[in-house]
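Beneath this line is the structure, given in structure tokens, with notes to follow.
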Amino acid sequence: MSDKVAEHVRIRWEASQRIELLTAEALNVSASAMARMEQAGHLERVAPGVYIGVGHAQHPLIEAAAWACRHEQAVACLLTAAVHHELTDAFASGTWLFVPKGASPPRSQTQSVHVIQTAPRFIDPDHDAANGIDTIEVHGVALRITGPDRTTIDMWRYPRRVAREHALEALRRRRNAKDFRLPPFARLARRLGAWSRLEDIVQGLALR
């Protein structure tokens, strides 16, 4: 069996048996072999160089997880996180990611990806709990994603990225959630430098 045929057999088997995201590096095969198996209908490309076997059920956050495969510092955020946490009915219209300032941002000519470069301290993995960032497993990837409080606050931190109506609806839904607690929310907003913008609005919602 030639090396090329052996690669194809291995990829086809992995694609049929595993629901995890697949990369050439993880399978120890060539990138061209992965591309050929996509063309043959055994793989579906999720992001550049990241695939899943055809026919597997796909998690709603699969694209965010695929980008995280390529950019370990990336954090799913804003509308991607808001839709996940049911803070908005708006369409995410692509994948929204935080990356540290100075890092090479994810790019794609075929998929919509919105990248926001932020201060590294706000997405430092050593301080995820303090920064309101959670981790969930998606197709074998440990995807970091902003939690409900952080997502709500961030939607007010980036008014040029998120429409005010979506930010207000997210704040209203978060304020009415059973697990909402004002002290930790305010503490996180202060940490992110956003409490002065949010305080009066949060208090106004509380009085309604």
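Here, each number is a calculation from the coordinates, and none is a lab measurement. Computed from a prediction, not measured in an experiment: that's the story for all the values here. Counting neighbours? That spans all protein chains shown, and the Cβs are built from the backbone with ideal geometry, glycine included.
Comparing ASP128, ASP179, ASP149 in a Gaussian network model of the chain where C-alpha atoms under 10 Å apart are linked, the largest mean-square fluctuation is found at ASP179. With springs only between Cα atoms under 10 Å apart, run a GNM on the chain and tell me which of ILE136, ILE116, ILE153 wobbles the most. Checking each option, the largest mean-square fluctuation is seen for ILE136. Is region 3-53 best put as rounded, prolate or oblate by its Cα gyration tensor, with a ≥ b ≥ c the root eigenvalues, rounded for a/c under 1.5, and otherwise prolate when a/b is larger than b/c, oblate when not? Here region 3-53 falls in the rounded category.
Where in the chain is the longest stretch that carries no chymotrypsin sites (Phe, Trp or Tyr not before Pro) classed as loop by DSSP and with at most 16 other Cβ atoms within 10 Å? That gives 1-90 as the longest site-free run. Using the rule -39500 (n - 2.57) for each DSSP H run of four or more residues, divided by the residues of the chain, the 222 nm mean residue ellipticity is -12500 deg cm²/dmol.
Kindly identify region 147-208 as rounded, prolate or oblate by the Cα gyration tensor criterion: order the square roots of the eigenvalues as a ≥ b ≥ c, call it rounded if a/c is under 1.5, otherwise compare a/b with b/c, prolate if a/b is larger, else oblate. Here region 147-208 falls in the rounded category.
Computed extension gain for ALA163 through GLU72, at 0.36 nm per residue and net of the alpha carbon distance, reaches 29.9 nm.
Largest GNM mean-square fluctuation among HIS42, HIS71, HIS127, using the chain with Cα springs under 10 Å: HIS127. May I ask for the angle, rounded to the nearest 10°, between helix 164-176 and the longest principal axis of the chain, with both axes built from Cα atoms and the value confined to 0 to 90°? The two axes meet at around 80 degrees.
Helix 195-207 axis versus longest C-alpha principal axis of the chain: approximately 70°, rounded to the nearest ten. Each 10 Å bin from zero holds the following percent of Cα-Cα pairs in region 102-208: 13, 42, 34, 11, 1. Assign one of three labels to the chain, namely rounded, prolate or oblate, based on the Cα gyration tensor with a ≥ b ≥ c the square roots of its eigenvalues; rounded applies when a/c is under 1.5, prolate when it is not and a/b is larger than b/c, and oblate otherwise. It is prolate, given that a/c is not under 1.5 and a/b is the larger ratio. One quarter of the convex hull surface built on the alpha carbon atoms of region 8-107 amounts to 7.1 nm², the projected area averaged over directions. Counting beta carbons within 10 Å around each of HIS59, HIS85 and listing the fewest first gives the order HIS59, HIS85. Basic side chains Lys and Arg get +1 at the Cβ, acidic Asp and Glu get -1 at the Cβ, and with that the dipole of the chain about its Cα centre reaches some 740 debye.
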